[in-house]
Amino acid sequence: MATGTEPSTRAGGVREGTRAAIAERHLRKDRWWLMPATTALGLFAFVVYSTWRAFANADYYAAPYVSPFYSPCLADNCHEMRAGPNWALLGDWWGLSPALIILIFPLGFRLTCYYYRKAYYRGFWASPPACAVAEPHKKYTGETRFPLILQNIHRYFFYAAVLVALILTWDTLLGFRNPEYEWGHMGLGTVVFLVNIVLIWAYTLSCHSCRHIVGGRLKHFSKHPVRYKLWGLVGKLNARHAALAWASLISVALADFYVYLLATGAFTDPQLF
């Protein structure tokens, strides 16, 4: 055939079948590898940090602030937090860090998020590593088999993420106290927590599942003006979902690290009023 589209004899993934017979793996001349490499580095750094903090089981409370990694605290071995989210649903038989209980839900929400799927599929699994760059795998089954089929429970993790965001909102309100638990005060930590909760809510509400819940399955928007308005607002947030995903990931780590510094006595929370 003179068209150069004869079946390739080289086995492996997209190079099989009736693909164009191009010797090069791709024809891109730009630094296409930079974005997936940066993504992998950023996500890997967060995984290392969050794993360390989750297993530490220490330095997660400095009145009146509690680390978002440990809220709500659902074990009997939690640090006593005055008016905080202490709900000892698990008895003293739980000897591990209480963060390992609650982090399942926000991490499950992020891991199954459409943007994060794209991020770690490209950054870690090279599936594919970039647009117009062939993936190295010989076989691709998508999200039809275990464990990737579990990605389909993303919408249920969304409900859990909303509940966690509500609890973190309460934690932020508790930040308007001083270390003696007196109301009407604000420290630098309060600002850190305010920024974090705004980004958490923005990321959560910009989720594709939220957009579907608000306006999905509607045949006539004119008959549902309120839901249509909400659908439009969520759609505007959804357009910035990737940026909000990174911003909220960084802010939640910084909020935890700020509490860690206070709890270890690195410095005292500056009081604004």
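Averaging 1/r over each pair of different alpha-carbon atoms in region 102-244 and inverting the result gives 17.7 Å, the Kirkwood hydrodynamic radius. Working note: Cα gyration tensor of the chain, eigenvalues times five, square-rooted, sorted largest first, giving semi-axes of 42, 23, 18 Å.
State log₁₀ I(q)/I(0) for region 26-172 at q = 0.12, 0.13, 0.20 Å⁻¹ as given by the Debye formula over alpha-carbon point scatterers of equal weight, solvent excluded. Per q value, in the given order, log10 I(q)/I(0) is -0.64, -0.72, -1.22.
Classify region 192-265: rounded, prolate or oblate, from the alpha-carbon gyration tensor (a ≥ b ≥ c, eigenvalue square roots; a/c under 1.5 rounded; otherwise prolate if a/b is larger than b/c)? Cα axes put region 192-265 in the prolate bin.
Other residues whose C-beta falls under 10 angstrom from the C-beta of ARG53 contribute a net charge of -2, scoring Lys and Arg +1 and Asp and Glu -1.
Potential lengthening of the chain between ARG82 and ARG145 amounts to 18.1 nm, from the contour at 0.36 nm per residue minus the alpha-carbon distance. The alpha-carbon of LYS118 sits under 30 angstrom from the alpha-carbons of these lysines, leaving out residues fewer than 8 places away in its chain: LYS29, LYS138, LYS139, LYS219, LYS229, LYS236. Karplus-derived 3J(HN,Hα) values for region 144-157, using 6.51 cos²θ - 1.76 cosθ + 1.60 with θ = phi - 60°, are 9, 10, 5, x, 5, 5, 5, 4, 6, 8, 4, 4, 6, 5 Hz; glycine and proline are entered as x. When each of the peptides 96-103, 229-236 is scored by how many other beta carbons lie within 10 Å of its residues on average, the order from highest to lowest is 96-103, 229-236. One chain, two ends: ASP30 and VAL195. Fully extended at 0.36 nm per residue, the span grows by 55.8 nm beyond their Cα-Cα distance. Once divided by 2.2 N^0.38 Å, the Cα radius of gyration of region 145-210 becomes 1.48. Per-residue extension of 0.36 nm, minus the Cα-Cα distance of ILE250 and LEU100, leaves a gain of 52.1 nm for this segment. Under 1.5 on a/c is rounded, so check that first for region 54-121, then, if it is not, pick prolate when a/b is larger than b/c and oblate when it is not; a ≥ b ≥ c are the square roots of the alpha carbon gyration tensor eigenvalues. Prolate shape, in that a/c is at least 1.5 and a/b is the bigger ratio. Note on GLU24: accessible area approximately 100 square angstrom, rounded to 10, probe 1.4 Å, nucleic acids and ligands left out. Accessible surface area normalised per residue over the chain is 57 Å², counting heavy atoms of protein chains with a 1.4 Å rolling probe. The distance between label points at LEU173 and TYR228 comes to 3.5 nm (points 7 Å beyond Cα on the Cα→Cβ vector). Percent of Cα-Cα pairs more than 11 Å apart in region 226-273, please. Across region 226-273, Cα pairs with separations above 11 Å total 74 percent. Rounded to the nearest 500, the helix-only mean residue ellipticity at 222 nm of the chain stands at -15500 deg cm²/dmol, with each DSSP H run of n ≥ 4 adding -39,500 (n - 2.57). The alpha-carbon atoms of region 118-172 define a convex hull whose volume equals 115 cubic angstrom per residue. Within region 90-156, the proportion of Cα pairs with more than 16 Å between them is 59 percent.
Put HIS208, HIS185 in order of accessible area, highest first, and with a 1.4 Å probe you get HIS208, HIS185. Charge tally around ALA62: other residues with Cβ under 15 Å, Lys/Arg +1 each, Asp/Glu -1 each, net -3. Tally Lys and Arg at +1 and Asp and Glu at -1 over the other residues with C-beta under 13 Å from the C-beta of TYR260: what net charge comes out? Computed value for this residue: -2. Ligands, DNA and RNA left out, the 1.4 Å accessible surface of the chain is 67% carbon and sulfur atoms. Between amide H atoms placed 1.01 Å from N, distances below 5 Å from ARG177 occur with HIS185, all of them 5 or more places distant or on a separate chain.
Solvent exposure of ARG211, expressed as accessible area, is near 80 Å², computed with a probe of 1.4 Å over the protein chains only.
Only protein heavy atoms count here; under a 1.4 Å probe, MET186 has an accessible surface of about 30 Å².
The values are calculated or read from the model by the stated rules, or taken from the named source; none is laboratory data. Remember, it's a predicted structure, so these values are computed and weren't measured experimentally. Note: ideal-geometry Cβ built from the backbone for every residue, glycine included; neighbour counts use all protein chains shown. Protein only, heavy atoms only, side chains kept; ligands, DNA and RNA dropped before computing areas. Shrake-Rupley method; radii C 1.70, N 1.55, O 1.52, S 1.80 Å.
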